[in-house]
Amino acid sequence: MRRRTPPPPAPLPQRDGVDPVRVRLPAGGAWHTVREHLVARLTGAGPGVIEAMFEAGRIVGADGRAVPADTPYRPGMFVWFHRELPAEVPVPFPVPVVYRDEHIVVADKPHFLATTPRGTHIAQTALARLRHELGVPTLTAAHRLDRLTAGLVLFTVRPEERGAYQTLFSDRRVRKEYEAVAPYDATLALPRTVRSRIVKEPGVQAAREVEGEPNAETRVEPAERRDGLGRYRLFPRTGQTHQLRVHMNALGVPILGDPLYPEVAPPVPAGDFRRPLQLLARRLEFTDPVTGAAHAFTSGRTLSAWSSFAQWAAG
């Protein structure tokens, strides 16, 4: 099987920790120029935006030179540009680094901060902020946490080593422990292992359980209880979208502050950082695939509904 030729390195530097957009011109189509293709492809940019970018010389080729708007269309050609970043409300919480060496960075992500650029969250992401703060433009995420979930995230420093660390997660060689605060149910027999099939459909906010071969597995253990609340330890063996939130809801004890389970709540205004989801990636344990070192990291965060429910509830 023939291997695809890797794309050339980006001729533009990162901006605010965000990579430039790379576009490869596909085979086929009836476009005559690069401009015609980009206008047709990037419809979300708005009327006249692509033309203005060409005029300003902001769309460049592999040599870093501006691509003229009338450049003939050539399948396989690469162009780069910096997207116009959306107006983002700053997430006013730091991203502490728990551990750092020449291979990896382990950060303690706060609630409300996305792990990597996606959708409307671009610069206000853990990845972009750490690249900027640490001065490591090659930093990439080995896995992701939901934006609303806090806790430990593993980042890799060297692009050529990223695959080795990602494989740790895909091969289930990372021991992950989460903590959650949810209602206490005296009739719920714990500990137990929850197995189900979870699907997440594009464009639908909430994931759901369906009949079929299980693709999600979580060990749920009790930790403490008081005043009608429980603190739970969660050990996911798989990594389906919203898996812990779906499984806790299925047990009848949805995690406090969850805007999707059991029901999808109306969106909160931008900048509303009250009542964070009470879910925390507490520990990560693994053997480093590059150095062979045994790593065990613990988050320094606490879940506010457990330390002071009244304060959390009041926002």
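Which strands (runs of 3 or more DSSP E) sit wholly inside segment 31-123 and have at least 1 residues that are in contact with a Gly (Cβ under 7 Å, 6 or more places away or on another chain)? Before the answer, list the steps.
Numbers: elements: 78-81, 97-100, 104-109.
Once the strands (runs of 3 or more DSSP E) in segment 31-123 are filtered for at least 1 residues that are in contact with a Gly (Cβ under 7 Å, 6 or more places away or on another chain), what remains is 78-81, 104-109.
Looking at the structure I just gave you, is T238 in a loop (DSSP other than H, G, I, E, B) and open to solvent by less than 40 Å² (accessible area, probe 1.4 Å)? If you could, list the steps in order and put the result at the bottom.
Working: in a loop (DSSP other than H, G, I, E, B): yes; open to solvent by less than 40 Å² (accessible area, probe 1.4 Å): yes.
Taking the combined requirement at face value, the residue satisfies it.
Go through segment 278-315 and count every residue that is in a helix (DSSP H, G or I), open to solvent by 40 Å² or more (accessible area, probe 1.4 Å) and either of a type in the set (F, W, Y) or at positive phi (or both).
1
Can you tell me which of P86, P47, P94 is touching a residue at least 24 places away in the same chain (Cβ under 8 Å) and of a type outside the set (S, T, N, Q)? It would help to see each step written out before you state the result.
On the way: P47 fails: touching a residue at least 24 places away in the same chain (Cβ under 8 Å); P94 fails: touching a residue at least 24 places away in the same chain (Cβ under 8 Å).
Going through P86, P47, P94 in turn, just one is touching a residue at least 24 places away in the same chain (Cβ under 8 Å) and of a type outside the set (S, T, N, Q): P86.
Of a type outside the set (S, T, Y), over 29 Å from V268 (Cα atoms) and modelled with pLDDT of 95 or more, is that true of N215?
So N215 fits the description; yes.
If I filter segment 249-256 for residues that are in contact with a Ser or Thr (Cβ under 9 Å, 6 or more places away or on another chain), closer than 18 Å to H111 by Cβ and at pLDDT 95 or above, do I get at least one hit? Let's see the steps before the verdict.
Let us first name the residues in segment 249-256 that are in contact with a Ser or Thr (Cβ under 9 Å, 6 or more places away or on another chain), namely 250, 252.
Among the residues that remain, those that are also closer than 18 Å to H111 by Cβ are: none.
No, that holds for no residue.
What's the number of the condition V106 fails, among (1) open to solvent by 30 Å² or more (accessible area, probe 1.4 Å); (2) in contact (Cβ under 8 Å) with a residue 24 or more places away in the chain?
(1)
Could you list, ordered by first residue, the pairs with Cβ atoms under 7 Å in which the first is in segment 7-23 and touching a residue at least 12 places away in the same chain (Cβ under 8 Å) and open to solvent by less than 90 Å² (accessible area, probe 1.4 Å) and the second is among the β-branched types (V, I, T) and assigned to a strand (DSSP E or B), at least 6 apart or interchain?
P11/V60; L12/V60; V23/V79
Could you please find all residues in segment 5-39 being under 15 Å from D70 (Cα atoms) and among the small types (G, A, S)?
Of segment 5-39, the ones under 15 Å from D70 (Cα atoms) are 25, 30-39.
Answer for segment 5-39, where residues must be under 15 Å from D70 (Cα atoms) and among the small types (G, A, S): just A30.
With (1) open to solvent by 30 Å² or more (accessible area, probe 1.4 Å); (2) of a type in the set (G, A, S); (3) at positive phi as the list, and G76 as the residue in question, which single condition is left unmet?
Looking at each condition in turn, G76 falls short on (1).
Among A310, A265, which is the only one that is under 22 Å from the mean Cα position of the chain (by Cα), free of Cβ contacts under 8 Å to residues at least 12 places away in the same chain and farther than 20 Å from P110 by Cβ?
On the way: A310 fails: under 22 Å from the mean Cα position of the chain (by Cα).
Answer to the check: A265.
The values are calculated or read from the model by the stated rules, or taken from the named source; none is laboratory data. All values derive from a computational prediction rather than experimental measurement. Counting neighbours? That spans all protein chains shown, and the Cβs are built from the backbone with ideal geometry, glycine included. Protein only, heavy atoms only, side chains kept; ligands, DNA and RNA dropped before computing areas. Shrake-Rupley method; radii C 1.70, N 1.55, O 1.52, S 1.80 Å.
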